[in-house]
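The values are calculated or read from the model by the stated rules, or taken from the named source; none is laboratory data. Not measured: the values here are computed from a predicted model. Glycine gets a Cβ as well: all are built from the backbone with ideal geometry, and neighbour counts include every protein chain shown. For accessibility, only protein heavy atoms count, side chains too; no ligands or nucleic acids. Shrake-Rupley method; radii C 1.70, N 1.55, O 1.52, S 1.80 Å.
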Amino acid sequence: MTTQTDIPTPRSPYVRRKTTRGNFELYSWVFMRASGVVLVVLVFGHLFVNLMVGDGVKAIDFAFVGGKWSSPFWQIWDLLMLWLAMIHGTNGVRTIINDYAQRDLTRGVLKSLLYLAFTITVVLGTLVIFTFEPCPPDAPAELLASFCTA
Amino acid sequence: MQTHQYDVVIVGAGGAGMRAALEASKGARTAVISKLYPTRSHTGAAQGGMCAALANVEEDNWEWHTFDTIKGGDYLVDQDAAEVMAKEAIDAVLDLERMGLPFNRTPEGRIDQRRFGGHTRNHGEAAVRRACYAADRTGHMILQTLYQNCVKQDVEFYNEFYVLDLLTDHDLTTEDIEDGAEVNATGVVAYDLATGELHVFQTKAVVFATGGAGKIFKTTSNAHTLTGDGMALAYRRGLPLEDMEFFQFHPTGLAGLGILLSEAARGEGGILRNADGERFMERYAPTIKDLAPRDIVARSMANEVREGRGAGPNKDYVLLDLTHLEPAHIDAKLPDITEFARTYLGIEPYTEPVPVYPTAHYAMGGVPTNIKGEVLRDGHNVVKGLYAAGEVACVSVHGSNRLGTNSLLDINVFGKRAGRSAAAYAQTVEQHLPIVEGPTARVEAQLSEMRDRPDGERVADVRQALQETMDANAQVFRTDESLNKAAADIRELQKRYRNVSVQDKGSLFNTDLLEAIELGFLLDIAEVTVVAALNRRESRGGHYREDFPDRDDDNYMLHTMAYRRPTSAPDAADGHVAGYFDHVEDFGDYKVVLGSKPVTMTRYEPMERKY
Amino acid sequence: MTAVLENSTDTSGSEAQAGAVSSFQVTLKIRRYNPEVAAEAYWEEHTVTAHGTDRVLDALHKIKWELDGSLTFRRSCAHGVCGSDAMRINGRNRLACKTLLKDINPDKPIVVEAIKGLPVLKDLVVDMEPFFASYREIMPFLITSGNEPSRENIQSQADRDRFDDTTKCILCAACTSSCPVFWTDGQYFGPAAIVNAHRFIFDSRDQGGTQRLEVLNDKEGVWRCRTTFNCTEACPRGIEVTKAIQEVKRAMITRAF
Amino acid sequence: MPTAPAGTLYRGREGMWSWVAHRVTGVSIFFFLLVHVLDTSLVRVSPEAYNAVIGTYQTPIMGLGEAGLVAAIVFHAFNGLRIALVDYWSKGPRYQRVMLWVVLGLLVVTMAGFLPRHLMNVFGAS
Ligand SMILES: Cc1cc2nc3c(=O)[nH]c(=O)nc-3n(C[C@H](O)[C@H](O)[C@H](O)COP(=O)(O)OP(=O)(O)OC[C@H]3O[C@@H](n4cnc5c(N)ncnc54)[C@H](O)[C@@H]3O)c2cc1C
Ligand code: HEM
Ligand code: SF4
Ligand code: F3S
Ligand code: FES
C-alpha cells in the first residue's frame, strides 16, 4: 500500500488576522494615564466650584455660567477639561468597542458613531465657550450676571 | 485514514524526542508525533538536575563520572555507552545553555553545580558537585528550552496523536529471521485523539522516545500517561526488551501519594530520619549516608519501616528533615518541592519533617539500542531505520540502577545521537520502502473490538488490580514467591483484559478508549518485568531478591533480553544462555522467551559496591 | 504562594498527616458537552467518596473510572507541573490536580467547567491551538547574534534572577483563559504569551528583545491588558503575571520615549 | 473565532470587579458628558432655554442622580490613579489590592464631605 497523498497538518493552523504594529496604542495608553491625572485636577476643581461653593447646584443658572466664562481662566479651564475628557472618554469607549464588538462591521459602525459624537460634542462645546456672549443684549436683565448691568 | 510521508518520524515529544527532532530536522524532513502536547511530557517533572563534569565549582572529570555511573549501575552498565555519555555530557549541558536554558549560576556567572547521590570525586572518595540545575525544575526548563528551539526550527508536530503500531517489513513474532538478515522499520500508525481518525506515517526512519512505564505500579512519581507504549509496541512486533526487571524506586516520594521530592533535597542537606529521629542512613552507607544511590536508600527506608521504626500513625513512612536548613536557602534551591509538601500534605517543610516513602520512578530497562541509538532485534543485529532514546530505550548506561541526574543527561546525549543517526540513515535511503497491505488493520481491529464490546470489565478495575499486585509483589523487596504471585495475577488480568469494555463509544476525544489500549501496554510491560525478575536469582541494583540477597556475577553478569514468541517457537532465544536465561513463561497464545546479552566492559572490573 | 480557591476554614497544618485520612462525600457538578451526542452543553452531577488528600482530579478520575467513562478531560502529571488540566472550578481557573477537595466547601456541589475563551471540543477539553499560536508569535526562544561562546554564556546571579519568575510557566492557559479581555477578544495575545516574552526580554543573554517588544506593541498586544489581575490570581505557578506584563509595558515606553 | 458556549460567571476577585466598576463608571461619565455639553450649549441659544433645562438638574431626583454621578467620577478618578500606579510603580502590582481599599476609603471620605452639603442644597430650603 503506497497512497501518495501529501496532506498538510491535520488541524488548520490559527492565523492572527492582521498585525497592526506602530505606536498608536502605546501613545493612547500613555495618554489615558496622563490625561487622567490632569483630569483629576480639572474635574475636581469643576465639581468643587459648581457643587460645593456657595449654594452648590442650586446656584447654577445662566448668570453663574456667564460669570465664569467672562474670565479667560475658566474659559481655558473648561476648554481643556472638555477636550481632555472627550478624548479620554472616546478613547476609553473605543477600547470597550474593540473588546466587545467582534464582527468587523459592528466594530466599524459603532466606532463611526462614536467619532461622530466626539466631533459634534467637541466642536459644539468649543464654539460655545469661545463665542459665548455673557450679556446677550435682548435678554431680560435679571437672568444675566450682575456685571452686565454694571 | 490519512497517509503522510516523512524522512524521519519521531514518536514522543519529551526531552529525548525533541532533542532528536532538533538534530533530525536539520537534515531530513521530520515529524514529531506525540500523544501529549510536547510541553506536557513528563520530562517537565524532573527536578533535581543534569550532571556533567564541567568542573565549574570543584575539580571533576568525565572519567570519574563514567566510573560513578558504572558503579552506580552495579556493573551491569555497558561501559562504552557510559563513557560516551559522560564525555558528551559536557557538550550536552553547554548546548542547552546556548539554546537558552536558564541554569542557576555561580558567583562568577558560570553554570552552578550541586551534589547528587552517587556522584563522587576520584572514584568514590567524597561527594562531588556535578549536577547542573535550574532551581528544582531542571526538567521543566529542559523541556521548555527544547520545545522553544523546536518552535524556532519550525519542527512539525502532530500533537495528541497516539502511535499504536510500528510497521516493519518482517513480523518478528512469527517469522524466523536469520542472523544478519535485514529487517526494516517502514512507518507507524497513529490515532488522532481529536477526531478518532487513523493516520499512517510512511517513513525512512522511526525514532522511539515514548518515555517510561511507571504506571505498572500504584505508588509512582510517573504521570498517568507513562504507560510504556513504545516498549510494548516494540515488544509486540517481536523486538526484545532489555533488563526490564530493573525498576528504580526513588526514596523520597510524598508518603501515600508518590509525588516526587527530588534527591536535591538531600543534595542540599536534607536528612532522612526514622520515627526515633535517628539518621538511619549512617548505618547503611557510612561514607556518603543520605546521598547513597537510590536503590540503597530506598531499601534502607523500606527496611526501617519493616522493622517497626517507621513514623506516622501507621508507622509506614520515614521523615525527610529540612528543618535545619535556612528558609531562604530552601526557597532559593527547592521552591517547588517544598510547595508540593505544603499543597498535598499540608506540611510546612521549614518547621516540620516531610513524610516520605519510596515510589516507583524509573525504568532502567527498555528497547535495546547501541550507542548510535539503533534498535537491536537480538543480541547484536539492528533493525534498519529504527532508533530509540530516552527512558523507553536501554543503551544501557544505567545498568541495574540509574544515578540521579543521569537520565536528563541520557535523553540529551542519546536523543541527539538517535536523531542524528536517523537523519543520516534517511539520507542514504532513496525510496521509502513499501508499507504492508492494510497497515491499519491490526489497530482497527484492536480498537473496534474494544469499542464494540457491549459491556464487560471496567478498565480501572483491571488496572488497579495490576498496580496493586505490582506494588505488593514486585517492589523494593522481591522473592520467588512474591514474583510468582505477581505473575499469576498478571496472567489472570490478561484474561480479564480480553473482556474489558469502554463506555465511551464516540470518536471525538475518546480518552476512555485510549486508557483501555494503554492498559494493554501496561499488562505487557508488567508481565515482562515480573518474568525477568523471576529469572534473575540474584540481587543487583534496583532488583533486590530477599531469597538471593547477593550479587552473582558468575551467572548473571548479563543483560536480560525478553522476547514475545509464539508458543511453538524454540525456547532459547540466542546462544548466550547462562544462569536461568532460557526461562520461558507461557501466556496462552504466546510466550515470553528470555535470552541474554553480554555486558560491554572496557576499563572497569566489577567490584563490590560499597558507599 | 499558589492560588487557593477559597480561604478554607481550617488550614491548621499537620492535621492532614498522611495516614490519618478521613473520607467524605463530594458532589461535582460538571458542565458536559459532546457534539457527537447533543449540540447543547448540559450540567451533570455525580457524587463520589473522597479522602483527605484527594484533589479535584482524583474526584474526576473516580467519576470517569467508576461511573461514567465518557467524561473527558486532559491530565498527565497529576501534581501541577505539566499544565494539562486547567479548568474552571467553582468559577475560577485552577489545575484540578492542585486543588484539594478539603479546601473547598463540601456542602455545595463543586462546579467544574472548561476554561473560558477557547472553543470547547468535548466536556472539559478545549482547543489549545489559538493559545499556542499566540505563544509561538512572540518568538519564545533565545535570539543571539555573533559567534557562539565556546563554553557557556556568562550571566551574573542577579541577571539570572531578573527573569526567574516567568521561567516557571507551564503553559497551562489558566491565566489567558481567565482574562476578561481574552474572553471577548480572542485576538488578544493574552497573558501567557506576554509572560513568555518577558522571560526572554529580560534575559541578559537574549538579543531579540526589540523584535519581541515590537510584536507585543501590536493593537492586540500588551496594551490590551486592563490590569484586572485575574491572570495573577489564577496562575498555578504563582507567577506575578500582571507584574510581568507591566514590566513589558514599561520597557516599551522607555524605548519609545 | 468560534465562541465557547457560556458557562457560569467567572468569579474574579478585587482586580476584576474594580475593573468592571471602572468601565461602568467611565462609560456612564462619558454619556453624561455628551449630554452635559449639549445642555450647556443652550447658553448660546438663550438664557431662558438654559435656565429651563438647568432647572431640571435642581429637582431632588436629579439631585440624587448627581450624587451618583459624583460618586462615579470620584471612584473612576481615584481608581484611575490606582491603575496608573499599578502600571508605573514597580511595586504597584503587589499592592493593587491595598490600593483598591485606599481608593474605596477615599471615595467614602470624599462623599462624606460632599453629600451632606449637596443634599442640603438639593433638599434644603433655599
Ligand atoms: C518526578 C520525576 C523527577 C525526575 N527527576 C530527574 C532528575 O532530576 N534528573 C534526571 O536526570 N532525571 C530525572 N527524572 C527522570 C527523567 O526525567 C525521565 O527519565 C526523562 O525525562 C524521560 O524523558 P523521555 O524523553 O524519555 O520521556 P518523556 O519526557 O516521558 O516523554 C515521553 C513522550 O512520549 C510521548 N508518547 C508516549 N507514548 C506515546 C504514544 N503511544 N504515541 C505518541 N507519543 C507517545 C509522550 O507524549 C511524551 O511526549 C525524573 C523523573 C520523574 C518522574
Ligand atoms: C477624573 C479623572 C480621571 C482619571 C484619573 C481617569 C483615569 C482613567 C484611566 C487610567 C483609564 C485607563 C484604564 C485602563 O487602561 O484600564 C481610564 C479609562 C476610561 N476613562 Fe477615565 N479617568 C478620568 C476621568 C474620566 C472621564 C471624565 C471620563 C468620561 C468622559 C472617563 C472615561 C473613561 C472611559 C470610558 C475609560 C475606559 C474604561 C475601560 O477601558 O475599561 N474618564 N480612565
Ligand atoms: S503564566 Fe501561569 S497561568 Fe499562565 S500559562 Fe503560565 S503557568 Fe499557566
Ligand atoms: S487578566 Fe487580563 S487584563 Fe491584564 S492583568 Fe491579566 S492580562
Ligand atoms: S495533571 Fe499535570 S498539571 Fe495537572
Take the residues of the range C:178-200 that are crowded, with 24+ Cβ neighbours inside 10 Å and of a type in the set (S, T, N, Q): which is farthest from ligand 4 (Cβ to nearest atom)?
C:Asn196
Only helices (runs of 4 or more DSSP H) wholly contained in the range B:467-580 count here; list those with 2 or more residues that are under 24 Å from the mean Cα position of the chain (by Cα).
B:480-497, B:511-535
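State whether one or more residues within the range D:47-54 are more than 8 Å from every other protein chain (Cβ to nearest Cβ) and modelled with pLDDT of 85 or more.
First, the residues of the range D:47-54 that are more than 8 Å from every other protein chain (Cβ to nearest Cβ): D:49, D:52-53.
Still in the running and modelled with pLDDT of 85 or more: none.
Scanning the range D:47-54, I find no residue that is more than 8 Å from every other protein chain (Cβ to nearest Cβ) and modelled with pLDDT of 85 or more, so the answer is no.
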Name the residues in the range B:248-283 that are more than 16 Å from ligand 5 (Cβ to nearest atom), open to solvent by less than 10 Å² (accessible area, probe 1.4 Å) and assigned to a loop (DSSP other than H, G, I, E, B), would you?
B:Ala255, B:Leu261, B:Ser262, B:Glu263, B:Gly270, B:Asn274, B:Phe280
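Based on what the data block shows, is A:Asp78 outside any helix (DSSP H, G or I), away from ligand 4 (no atom under 16 Å from the Cβ), at the interface with chain D (Cβ under 10 Å from one of its Cβ atoms) and more than 21 Å from D:Phe75 (Cβ to Cβ)?
No, not satisfied.
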For the range A:138-147, does any single residue satisfy the condition of being open to solvent by 60 Å² or more (accessible area, probe 1.4 Å), touching a residue at least 60 places away in the same chain (Cβ under 8 Å), in a helix (DSSP H, G or I) and farther than 22 Å from A:Gly45 by Cα?
yes
Name the single residue that is nearest to B:Leu594 (Cα to Cα) among those in the range B:308-354 being part of a loop (DSSP other than H, G, I, E, B) and touching a residue at least 60 places away in the same chain (Cβ under 8 Å).
B:Asp316
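For every residue, the table says whether it meets (1) among the hydrophobic types (A, V, I, L, M, F, W, C); (2) without any contact (Cβ under 8 Å) to a residue 60 or more places away in the chain; (3) open to solvent by 30 Å² or more (accessible area, probe 1.4 Å).
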residue: B:Val356; (1), (2), (3): yes, no, no
residue: B:Thr369; (1), (2), (3): no, yes, no
residue: B:Asn381; (1), (2), (3): no, no, no
residue: B:Leu386; (1), (2), (3): yes, no, no
Within the range B:230-244, does at least one residue satisfy the condition of being open to solvent by less than 10 Å² (accessible area, probe 1.4 Å), touching a His at 6+ places or on another chain (Cβ under 6 Å), in a strand (DSSP E or B) and more than 16 Å from ligand 3 (Cβ to nearest atom)?
yes
Cβ pairs under 6 Å, 6+ apart or interchain, first in the range C:159-184 and in contact (Cβ under 8 Å) with a residue 40 or more places away in the chain and within 16 Å of ligand 2 (Cβ to nearest atom), second among the small types (Gly, Ala, Ser) and not in a helix (DSSP H, G or I), ordered by first then second residue, are C:Phe182/C:Gly117; C:Phe182/C:Gly190; C:Trp183/C:Gly117
Of (1) open to solvent by less than 20 Å² (accessible area, probe 1.4 Å); (2) more than 30 Å from B:Thr30 (Cβ to Cβ); (3) part of a strand (DSSP E or B), B:Val163 fails just (2)
Take the range C:39-89 and flag every residue that is in contact (Cβ under 8 Å) with a residue 24 or more places away in the chain, within 15 Å of ligand 3 (Cβ to nearest atom) and not in a strand (DSSP E or B).
C:Arg74, C:Gly80, C:Val81, C:Cys82, C:Gly83, C:Ser84, C:Asp85
Given (1) in contact with a Ser or Thr (Cβ under 7 Å, 6 or more places away or on another chain); (2) modelled with pLDDT of 95 or more; (3) open to solvent by 10 Å² or more (accessible area, probe 1.4 Å); (4) among the polar types (S, T, N, Q), identify the lone condition not met by B:Asn149.
(1)
Being within 22 Å of B:Ile111 (Cα to Cα) and either at pLDDT below 95 or among the hydrophobic types (A, V, I, L, M, F, W, C) (or both) narrows it down to one residue among C:Ile154, C:Ile245; which is it?
C:Ile154
Against the definition (more than 11 Å from ligand 5 (Cβ to nearest atom), open to solvent by less than 20 Å² (accessible area, probe 1.4 Å) and more than 15 Å from C:Ile110 (Cα to Cα)), how does C:Leu67 come out, yes or no?
no
When (1) among the hydrophobic types (A, V, I, L, M, F, W, C); (2) within 13 Å of ligand 3 (Cβ to nearest atom); (3) within 11 Å of chain D (Cβ to nearest Cβ) are applied to C:Ala192, the one that fails is (3)
Any chance you could count how many residues in the range B:60-119 are open to solvent by 10 Å² or more (accessible area, probe 1.4 Å), within 16 Å of C:Arg205 (Cα to Cα), in contact with a Lys or Arg (Cβ under 9 Å, 6 or more places away or on another chain) and acidic (Asp, Glu)?
1
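Quick check on the range C:149-163. Is at least one of its residues part of a strand (DSSP E or B) and in contact with a strand residue (DSSP E or B) (Cβ under 7 Å, 6 or more places away or on another chain)? Before you say what the answer is, go through the steps one by one.
So the first thing to find is which residues in the range C:149-163 are part of a strand (DSSP E or B), and the list is none.
No, the conditions are met nowhere in the range C:149-163.
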Determine, yes or no, whether D:Thr25 is of a type outside the set (Gly, Ala, Ser) and open to solvent by less than 30 Å² (accessible area, probe 1.4 Å).
yes
Out of all the residues in the range B:233-255, is one or more near ligand 1 (Cβ under 10 Å from one of its atoms), more than 11 Å from chain C (Cβ to nearest Cβ) and farther than 19 Å from B:Arg299 by Cβ?
yes
From B:Ala393, B:Ala424, grab the single residue that is open to solvent by 20 Å² or more (accessible area, probe 1.4 Å), more than 16 Å from ligand 2 (Cβ to nearest atom), modelled with pLDDT of 95 or more and not charged (D, E, K, R).
B:Ala424
Residue that is away from chain D (no Cβ under 12 Å) and of a type in the set (Ser, Thr, Tyr), where the choices are C:Ser145, C:Ser177:
C:Ser145
Please specify each residue of the range C:54-78 satisfying the condition of being facing chain B (nearest Cβ under 7 Å) and in contact with a Cys (Cβ under 6 Å, 6 or more places away or on another chain).
C:Ser76, C:Ala78
Within the range B:215-229, is there a residue that is under 30 Å from C:Ala133 (Cα atoms), away from ligand 3 (no atom under 16 Å from the Cβ), open to solvent by 10 Å² or more (accessible area, probe 1.4 Å) and free of Cβ contacts under 8 Å to residues at least 60 places away in the same chain?
yes
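Just the residues that are within 14 Å of ligand 4 (Cβ to nearest atom) and open to solvent by 10 Å² or more (accessible area, probe 1.4 Å), please, taken from the range C:160-177.
Listed by number, the residues that qualify are C:Cys169, C:Cys175.
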Test result for D:Asn51, assigned to a helix (DSSP H, G or I), within 23 Å of A:Leu82 (Cα to Cα) and within 12 Å of ligand 2 (Cβ to nearest atom)
no
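Tally time: how many residues in the range B:499-518 are within 14 Å of ligand 1 (Cβ to nearest atom), within 11 Å of chain C (Cβ to nearest Cβ) and open to solvent by less than 10 Å² (accessible area, probe 1.4 Å)? It would help to see each step written out before you state the result.
Keep residues of the range B:499-518 that are within 14 Å of ligand 1 (Cβ to nearest atom), which gives B:511, B:513-518.
Filter once more, keeping what is within 11 Å of chain C (Cβ to nearest Cβ): B:511, B:513-516.
Retained after the next criterion (residues that are open to solvent by less than 10 Å² (accessible area, probe 1.4 Å)): B:513-514, B:516.
Residues meeting the conditions: 3.
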